[in-house]
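Data first, discussion second: the structure below is written as structure tokens.
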Amino acid sequence: MTWSEMQPLLSQACWDTLYMVGWSTLIAVVGGLPLGVLLVLTDRGGLLQNLAANKVIGQVVNIARSLPFIILMVALMNFTRTITGTTIGREAAIVPLAIGAIPFFARLVETAVREVDGGLVEAVQAMGGNTWTIVRKVLVPESLPSLIASTTTTIVALIGYSAMAGTVGAGGLGDIAIRYGYQRFETELMWITVAILAVVISLIQFAGDYAARSLHRRGGSSGPAPRLRLLKAKEPAAADISKVA
């Protein structure tokens, strides 16, 4: 197969992969972020402590994460057909990709949010802040560098999932590698596909790491959370002055 024959196939496959991964990432972030925060809030000692709810949510997340993606795709075929009207193509692949990524991202969010300094939460509570204020002003801004890194990890995982989705007619680079590289013995095209995937993943990882490092150097956020650190630093000093007086 000549390059002129490969180019249109690779161009369409790249677009299909980015389309599937982009929409799946958006849905995973929208669904996984509140789920991950909820796992922290309902845990023991959390702001909305509810151990029964926490265990139920945790088990659902664990079960969803334990399913191999190829099995999840097959299990969701009827649901996918109900949502999209078909079980093949890039639109159909978005459904299992997103559902598989939501619990994955939720656990990463949970880990990131747990790293937030509890003293900042106490400071906001002392100032009369409610749970929503704490989530919006402290938990999410302070964990933002870790959330960016988690999103990067999710995108990389979704690129791998999308390649597997290509084996069942989803399109994308995985479909090209299987149909042409494996079934038609076009080894050159298969290795070009592998190289494209490696380059795309490397660029995404570099961009995600750079964004996370930049936010970390700025203290996680330029919003209210850094001012809470200053407030915490001033409180002991104020207490010492009052004792001297």
request  = Determine ³J(HN,Hα), in whole Hz, for all residues of the range 105-118 in sequence, where each value follows from phi through the Karplus function 6.51 cos²θ - 1.76 cosθ + 1.60 and θ = phi - 60°; x replaces Gly and Pro.
outcome  = 5, 4, 5, 5, 5, 4, 4, 5, 5, 5, 7, 5, 4, x
Net +/- balance of residues flanking D43 in space, Cβ distance below 12 Å, scoring K and R +1, D and E -1 = +2
request  = Convert 37 °C to kelvin, take the viscosity as 0.692 mPa s, use the Kirkwood radius over C-alpha pairs of the range 95-137 as Rh, and evaluate the Stokes-Einstein diffusion coefficient in µm²/s, rounded to a whole number.
outcome  = 271
task = Let me have the relative contact order for the range 41-95, percent, based on Cα pairs under 8 Å that are six or more residues apart.
result = 15
note = Once phi for every residue in the range 45-50 is put through the Karplus expression 6.51 cos²θ - 1.76 cosθ + 1.60 (θ = phi - 60°), the whole-Hz ³J(HN,Hα) values, with Gly and Pro written as x, are x, x, 5, 10, 3, 7
message = Can you tell me, using C-alpha contacts under 8 Å and at least 6 residues apart, the relative contact order of the chain as a whole percent?
response = 25
query = Under 5 Å between amide H atoms, partner at least 5 residues away or on a different chain: which partners does G169 have, H built in plane at 1.01 Å?
reply = none
ask   = Quick one: helix 224-244 against the long Cα principal axis of the chain, what's the angle to the nearest 10°, folded into 0 to 90?
value = 20
ask   = What are the ³J(HN,Hα) values, in whole Hz, obtained from phi via the Karplus relation 6.51 cos²θ - 1.76 cosθ + 1.60 with θ = phi - 60°, for each residue of the range 11-24 in sequence order, with x given for Gly and Pro?
value = 4, 5, 5, 4, 4, 4, 5, 5, 5, 5, 5, x, 5, 5
note = Ranked output for segments 186-194, 203-211, 169-177 by mean other Cβ atoms within 10 Å, highest leading, reads 169-177, 186-194, 203-211
message = Please compute, for the alpha-carbon atoms of the chain, the extent along each of the three principal axes and give them in descending order in Å.
response = 86, 38, 23
note = With only helices counted (DSSP H, runs n ≥ 4, each -39500 (n - 2.57)), the per-residue ellipticity at 222 nm for the chain, to the nearest 500, works out to -25500 deg cm²/dmol
key: Student exercise, the chain dipole from Lys, Arg, Asp, Glu Cβ charges, in Debye to nearest 20   = 720
note = If exposed means trypsin sites (Lys or Arg not before Pro) lying in a DSSP loop and surrounded by at most 14 other beta carbons within 10 Å, then the longest stretch of the chain lacking such sites spans residues 45-183
task = Express in % the proportion of alpha carbon pairs of the range 110-162 at distances exceeding 19 Å.
result = 38
task = Tally up the carbon and sulfur contribution to the accessible surface of the range 19-114 as a whole percent, 1.4 Å probe, everything protein left in place.
result = 68
query = Going from the alpha-carbon gyration tensor of the range 108-228, what semi-axes, largest first and in whole Å, does one get by taking the root of 5 times each eigenvalue?
reply = 43, 14, 8
request  = Could you provide, to the nearest whole Å², the per residue accessible area of the range 1-86 with probe 1.4 Å?
outcome  = 59
inquiry  = If packing is taken as the average number of other Cβ atoms within 10 Å across a peptide's residues, how do 94-103, 159-168 rank, most packed first?
reply    = 94-103, 159-168
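The values are calculated or read from the model by the stated rules, or taken from the named source; none is laboratory data. Please read these numbers as outputs of a predicted model, since none were measured by experiment. Virtual Cβ from ideal backbone geometry, glycine too; neighbours counted across all protein chains shown. For accessibility, only protein heavy atoms count, side chains too; no ligands or nucleic acids. Shrake-Rupley method; radii C 1.70, N 1.55, O 1.52, S 1.80 Å.
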